There are 2 protein chains.
Amino acid sequence: MLRFVGFSACVLLAGMIGMVQGDPAPGKAESTQADSQRLYRHVVLFKFKEDASQEQIDEIVDAFGSLQDEIDTIIGYEHGTDVSPEKLSKGFTHCFMVTFKSKADLDAYLPHPAHQAFTVKLKPILADVLVVDYWTQE
Amino acid sequence: MLRFVGFSACVLLAGMIGMVQGDPAPGKAESTQADSQRLYRHVVLFKFKEDASQEQIDEIVDAFGSLQDEIDTIIGYEHGTDVSPEKLSKGFTHCFMVTFKSKADLDAYLPHPAHQAFTVKLKPILADVLVVDYWTQE
C-alpha cells in the first residue's frame with residue numbers, strides 16, 4: 001500500500017512537472033513566457049492629441065487589447081502607461097508590446113481587417129506613433 | 001529497497017518542481033517568465049551617432065547586457081536591433097527591455113555605479129535616447 005502511495009505521488013509529481021514545463025504558449029497571456037525559440041517583439045508607442053478625452057484613449061487601449069481575440073498570430077500582448085521618472089519619453093505616454101512567433105505573423109497582422117479597423121479608429125486622436133520591432137535572443 | 005527508490009525518486013522530482021517553479025528569476029534570462037505578479041518594464045531606445053563604428057556600438061550593447069551581472073535587481077533583460085518594416089522608428093535602431101520587480105528596484109539601478117559607468121561609456125556615441133517604463137497587468 002505504501003509503495004502504491006509512493007508510486008501515485010510520483011505520477012502526480014511527474015504530471016505537475018509536465019504542466020509547468022508544458023508548451024510555451026500561454027497563448028493570449030499578458031506576458032510571454034521564456035522560450036527556447038526566438039520571439040518577434042513589436043513595440044508600439046503612442047502620443048495622443050491634447051484634446052483626446054480619457055474616454056477616447058481608454059477605448060483605443062481596450063481596442064488594441066482586443067486585437068488578440070481576432071488575430072491569432074498574436075501570441076503575447078502587454079501594455080501600460082509611461083511611469084518613467086527619467087522624463088525621456090519624448091511625449092509618448094502609452095507603450096504596447098505585441099509578440100509574434102515570426103516576421104510572417106507580423107506580416108499577417110499589419111493588413112488584417114481587425115488591425116486596419118483599429119488604426120482607422122485610432123487616427124483621429126493620435127498625435128504621434130513610434131514603432132520598433134526586434135528579435136529576442138535565444 | 002524499492003520503497004527507498006520510490007521515495008528518492010519523489011524527492012528528486014519534488015526538487016525538480018522546485019527548480020521549475022522557483023522564483024520568477026530565471027533571473028538573468030534573456031526573456032522574463034510569465035508571473036502572477038506585475039512586472040516593471042524599462043524600455044530603452046538608442047540612436048547612435050553616424051560616426052559611431054559598429055565595434056563601438058557592439059561594445060555598448062555588450063556592456064548593457066553585462067549590467068545584469070552587476071546589478072541584482074535586474075530580473076529580465078532583452079535587446080535587439082530594429083527590424084520593423086513600418087519605418088516608424090524615428091531613427092532609433094536599438095531596443096532594450098530591462099525588467100524589475102518594483103519601482104524601488106529601478107531606483108536602485110539608475111544610480112548604481114555599474115549603470116553610471118555604462119552611461120559615461122555610452123554618451124560619446126549616443127545621438128538620442130528614449131525611455132518609457134510601464135507596469136505589466138496582472
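The table that follows gives values for the structure above.
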read-out: Complete set of residues in the stretch A:90-107 that are part of a loop (DSSP other than H, G, I, E, B) and within 7 Å of another protein chain (Cβ to nearest Cβ); value: A:K90, A:F92
read-out: Within the stretch B:84-109, tally of residues that are more than 15 Å from A:V132 (Cβ to Cβ), exposed (fewer than 15 other Cβ atoms within 10 Å of the Cβ) and either among the aromatic types (F, W, Y) or in contact with an Asp or Glu (Cβ under 8 Å, 6 or more places away or on another chain) (or both); value: 0
read-out: Single condition B:T73 does not satisfy, out of (1) within 28 Å of A:V129 (Cα to Cα); (2) outside any helix (DSSP H, G or I); value: (1)
read-out: Residue that is within 16 Å of B:T136 (Cβ to Cβ) and touching a His at 6+ places or on another chain (Cβ under 9 Å), where the choices are A:F100, A:F46, A:F96; value: A:F96
read-out: Complete set of residues in the stretch A:67-83 that are surrounded by fewer than 18 Cβ atoms within 10 Å (Cβ to Cβ) and either without any contact (Cβ under 8 Å) to a residue 24 or more places away in the chain or more than 12 Å from the chain's Cα centre (by Cα) (or both); value: A:E70, A:D72, A:T81, A:V83
read-out: Subset of the stretch A:111-138 [within 10 Å of chain B (Cβ to nearest Cβ), surrounded by 14 or more Cβ atoms within 10 Å (Cβ to Cβ) and either among the charged types (D, E, K, R) or within 16 Å of the chain's Cα centre (by Cα) (or both)]; value: A:D128, A:V131, A:V132, A:D133, A:Y134, A:W135, A:T136
read-out: Filter result for the condition that a residue is at pLDDT 95 or above and touching a Cys at 6+ places or on another chain (Cβ under 7 Å), over B:V61, B:V83, B:V98, B:V132; value: B:V132
read-out: Residues of the stretch A:59-89 satisfying the condition of being among the charged types (D, E, K, R) and within 14 Å of chain B (Cβ to nearest Cβ); value: A:D62, A:E78, A:D82, A:E86, A:K87
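The values are calculated or read from the model by the stated rules, or taken from the named source; none is laboratory data. What you see is a predicted model; the values in this text were computed from it and never measured. Using ideal geometry, Cβ is built from the backbone for each residue, glycine included, and neighbour counts are taken over all protein chains shown.
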